[in-house]
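S.K.: Structure incoming, see below.
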Amino acid sequence: MLFKGYGSFSGFLSAMTLPNFGKALGSPNSQLHFYLEECYEQWKMLEKERKQAEAVLTKTYPGKRVSVVTSSVLPKMPPNPSRLDRLIVDQLREQARVAGLLGKMEQLRSFPLHANVGSALDRHLEVIYITQARRKDEFINASSRQRQPAAFFREDREILLLASAVKDLCSSTRKARTALWCALQMTLPKTNSYPEERDELGTCSPLGQDSPEQSSLERALTAL
């Protein structure tokens, strides 16, 4: 039996990509704020589900060390960070922890994970770096906006590019969550020895409560 209880992925298909609200979100700053809030929620869920996965694996494989990434190797927060700066660093830290956990899963199962799982994590890291670069461009150009006639137009363009990057980061974070869920299903024994964990975490699979377990895993892998 697959571990259906891991994670809360109700409405997975409809939420795989964020809706394109376009002008409905208002100004570029409003769009950036909206996607920043959405991305924070996805990051929080990824962190929560990674911790849940570590707890489940620790119970399933007693005596095995599951958590492998130490704080000394994680990126540091810059001085006077904005909320977006904090999100970027938090995303980099969590991506490293998830990648380390997936590596541990491969050791536990003595076989590589599905290629789509690794691709989703690689894409997540790539989008984090893109967002970081957009933020750097926006920060560097901020001082020149008040001195040039077309400053407002360039500012809007830079913020829109940044909002688009954060939107992509939100989507890639959701896919990283799905990749983590898939990896856990492939790592746990076919028969779960801890039904209380299943009851505690719920019974939602990423593709809906009524989906057959194996079908849910296959469809989730395809969606990555």
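Values quoted throughout were computed directly from the atomic coordinates according to the rules given, and no laboratory measurement underlies them. Since this is a predicted model, take the numbers as computed values, not measurements. Ideal geometry is used to build each Cβ from the backbone, glycine not excepted, and the neighbour counts take in all protein chains shown.
S.K.: Quick one: which of 158-166, 119-127, 175-183 comes out on top by average Cβ neighbours within 10 Å, and what's the full order, highest first?
M.R.: 175-183, 158-166, 119-127
S.K.: So, R0 is 41 Å and r is the distance between the beta-carbons of LEU74 and SER215; what FRET efficiency does that work out to, to 0.05?
M.R.: The calculated FRET efficiency here is 0.65.
S.K.: Further question on the same structure: Please give the length that would be gained between SER30 and SER67 if that part of the chain were fully extended, namely 0.36 nm times their separation in residues minus their C-alpha to C-alpha distance (nm, one decimal).
M.R.: Difference between extended and current length: 9.5 nm.
S.K.: Run the numbers for ARG86 and LYS59: contour at 0.36 nm per residue of separation, minus the present Cα-Cα distance, in nm.
M.R.: Values: separation 27, 0.36 × 27 = 9.72 nm, distance 3.24 nm.
Separation in residues times 0.36 nm, less the Cα-Cα distance, equals 6.5 nm.
S.K.: For the pair ASP122 and ALA223, how long in nm is the line joining their label points, each one 7 Å along Cα→Cβ?
M.R.: Those two pseudo-labels are separated by 2.3 nm.
S.K.: Testing the spin-label approximation: label points 7 Å from Cα along Cα→Cβ at ILE140 and ARG157. State their distance in nm.
M.R.: So the label points at ILE140 and ARG157 sit 1.6 nm apart.
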